[in-house]
1. If you go through region 195-215 one residue at a time, how many are away from ligand 2 (no atom under 15 Å from the Cβ) and of a type in the set (Ser, Thr, Tyr)?
2. For residues that are modelled with pLDDT under 90 and within 25 Å of Arg339 (Cα to Cα), tally how many sit in region 300-315.
3. Where the second residue is not in a helix (DSSP H, G or I) and the first is at positive phi and lies in region 261-279, which pairs have Cβ atoms under 9 Å and are six or more apart or on separate chains?
4. The conditions are (1) open to solvent by 60 Å² or more (accessible area, probe 1.4 Å); (2) of a type outside the set (A, V, I, L, M); (3) in contact (Cβ under 8 Å) with a residue 12 or more places away in the chain; (4) out of contact with any Lys or Arg (no Cβ under 7 Å at 6 or more places or on another chain), and Glu507 fails exactly one of them. Which is it?
5. If the requirement is being farther than 30 Å from Ala318 by Cβ and either open to solvent by less than 40 Å² (accessible area, probe 1.4 Å) or polar (S, T, N, Q) (or both), which of these qualifies: Leu484, Leu445?
6. So, in region 280-294, how many residues would count as being closer than 25 Å to Leu24 by Cβ, in contact (Cβ under 8 Å) with a residue 12 or more places away in the chain and part of a loop (DSSP other than H, G, I, E, B)?
7. Counting just the residues of region 157-206 that are open to solvent by 50 Å² or more (accessible area, probe 1.4 Å) and touching a helix residue (DSSP H, G or I) at 6+ places or on another chain (Cβ under 7 Å), which one comes out nearest to Leu242 (Cα to Cα)?
Amino acid sequence: MSPEDMQDEEFSIHWISDIVNEVLERDVDEYLIVTGKSMSGSVHAGFMKEIIIADVIKRELQTLGKDAKTVFISDDFDPIRAFPSSVTLSPEEYMGVPYSDAPDPHGCCESLGAHWTNELVEAFPEFGADPKVVSQSKLYETKEMLDAVRICLNQTETIREILIEYVARDFDEKQKADYIESMKTWYPASVICPECGRLQSGGKGSIIPNRVTGYDAESDEVSYKCAHCGHSETTKLDKLRLKLSWRVDWPAKWYIMKTTCEPAGKDHAVKGGSYDTGLEMSRRVFGWEGPVKVPFEWVRLGGRDMGTSRDVVFTPRAWLNIAPPELFRYMVLRTDPERANNIQTDLIPDLVDIYEAFERNYYGFDDADNEKQDLAKVLYPLTEVRPVSDEYIPKLSFKFAVVTSQLQGILSEETILERCYEVLKKQHNLATISSESKSLIPTRLSRALHWAKEFGSAQDQVEVPDTVSKEIRDTLTDDDRAFLRKFVAVLKGDTLDDEELQGKVFETAREVGLKDKRAFIVLYRILISRKSGPRLGGFLNLLGNEWVLNRIMSVL
Ligand SMILES: [Zn+2]
Ligand SMILES: [Zn+2]
């Protein structure tokens, strides 16, 4: 989506109140909005959409005076199927072991599952979200979860019926008959083998779970056989570590947490999919209606190039390194969650401009029409990571920060900040800048620099060499030198603003009979060894007259 398309596009935010109204109908004492993610690797930044949807539902409920909380469940109890290439553990040794039982090869967390969980959740506060983090493996250690497993084993026949009804609905006769046959001996839980630590044997394509083979309700005893090492036994349910099958695990978690609402990506939320199967189990196995389903379409983060190889995931932290979290919240909240979002990382500076124009609408600047202001009144506070400030806090232009941040080797930190203050004052017509406004500048410069390096086009990347190369000096003609000598006089004169200085380049070129275009090429080459670059007037002022003078003198 181009920035122009984005500006024209209709906002549609009534989805927020629609969902909140549906959730309110549950009329419970505590509203629990739950999210979750399996931990089989670093989690992609697109997942933050789920966290932000949950956060907004919670915020709106709290605004209405309700007791509302968010929870994030890290599904770290799944068995290992494969490792991303960043993991140095031996796949043979850990295949089939839960992620929560494998060691952290990075050495910093209590398990491999915990490592990816920590990597994800440490970014939540910066995105404005504060869910309680629950580990699925720890949940399975609770009495409540053990009771839920017992309920499922007791209701195996009902669960088989539901699965046949939902999973086999699109099967042909033969497939259906085979499935019904296989379900005759199927139980909804598997056992972690106390001998070899596995929940299943085999890797991709050849997986055999350590499925329960029998359950006696009277003695509460479970039978199983390990598909990996052959260990088998019949023993008390509470002596074992069990895990429910994934389609059963979800409604069991809803049941014990009393989940009021859970958003789910389209793949799970499709009609008749795992969410609907779970709701059916909630009703028939656990005897309650289950949560309010909020389907959403995933976010795609793309653009020209993600600048990463397949094995390197673009994490929430990677987003925070290049762009404000408020922009991400704005991008996912401004349209119905069932619409796909494609956030083009190469357009971040334009998108930040659009977001900040929207922020100004909220504060009533820029002659926004009533419709725009009404929309901003509802949406803007939900995009903010911190409580909304009473007063507008002017932000330094991201585009200016892109150029300026790359001059850190040329200009001192102090000079860079001074230039930023000057531009901020001019940009927002201010006499002074508040300390809050100033405090945002270092982060903005850092994000802009990372963005330029990773996602900026050749045009966005500005590198100022220490000296002008001989090759470039050799291209200068007598006319070029005449122009430069005259331009030196301009720089020695009165201080000019960006536009005046830009105009002076044209004027000086004309005076010595040099084509405008040539004059610009000559200056860009001397400054950054290229034929074009950032808008020249502003760029010259950014570098400062003294620096530019010395540079030009070095070639004359
Ligand atoms: Zn770690
Ligand atoms: Zn075993």
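The values are calculated or read from the model by the stated rules, or taken from the named source; none is laboratory data. Here the structure is a predicted model, which means the values were calculated and not measured. Glycine gets a Cβ as well: all are built from the backbone with ideal geometry, and neighbour counts include every protein chain shown. For the accessible areas, the whole protein counts, side chains as well, though only heavy atoms, and no ligand, DNA or RNA atoms are used. Shrake-Rupley method; radii C 1.70, N 1.55, O 1.52, S 1.80 Å.
1. Looking only at region 195-215, we keep the residues that are away from ligand 2 (no atom under 15 Å from the Cβ), and these are 203-206, 214-215.
Narrowing the set further to residues that are of a type in the set (Ser, Thr, Tyr) leaves 206, 215.
Qualifying residue count, region 195-215: 2.
2. Going residue by residue through region 300-315, those that are modelled with pLDDT under 90 are 300-313.
Among the residues that remain, those that are also within 25 Å of Arg339 (Cα to Cα) are: 300-306, 313.
Residues flagged as modelled with pLDDT under 90 and within 25 Å of Arg339 (Cα to Cα) within region 300-315 amount to 8.
3. Pairs found: Gly272/Arg169; Gly272/Asp170.
4. (3)
5. On the way: Leu445 fails: farther than 30 Å from Ala318 by Cβ.
It is Leu484.
6. Quick first cut of region 280-294, residues closer than 25 Å to Leu24 by Cβ only: 280-283, 286-294.
Imposing the further condition that a residue be in contact (Cβ under 8 Å) with a residue 12 or more places away in the chain reduces the set to 280-282, 286, 288, 290-294.
Next cut, part of a loop (DSSP other than H, G, I, E, B) only: 286, 288, 290-291.
Number satisfying all stated conditions: 4.
7. Filtering region 157-206 down to residues open to solvent by 50 Å² or more (accessible area, probe 1.4 Å) leaves 157, 161, 165, 169-178, 180-182, 184-185, 194-195, 204-206.
Filter once more, so that each one left must be touching a helix residue (DSSP H, G or I) at 6+ places or on another chain (Cβ under 7 Å): 171, 180.
Numbers: Phe171: 30, Ile180: 24 Å.
Among residues in region 157-206 that are open to solvent by 50 Å² or more (accessible area, probe 1.4 Å) and touching a helix residue (DSSP H, G or I) at 6+ places or on another chain (Cβ under 7 Å), the one nearest to Leu242 (Cα to Cα) is Ile180.
This table checks each residue for (1) within 16 Å of ligand 2 (Cβ to nearest atom); (2) more than 29 Å from Met39 (Cα to Cα).
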position: Thr158; (1), (2): no, yes
position: Asp172; (1), (2): no, yes
position: Tyr187; (1), (2): no, no
position: Ala217; (1), (2): no, yes
position: Tyr224; (1), (2): yes, no
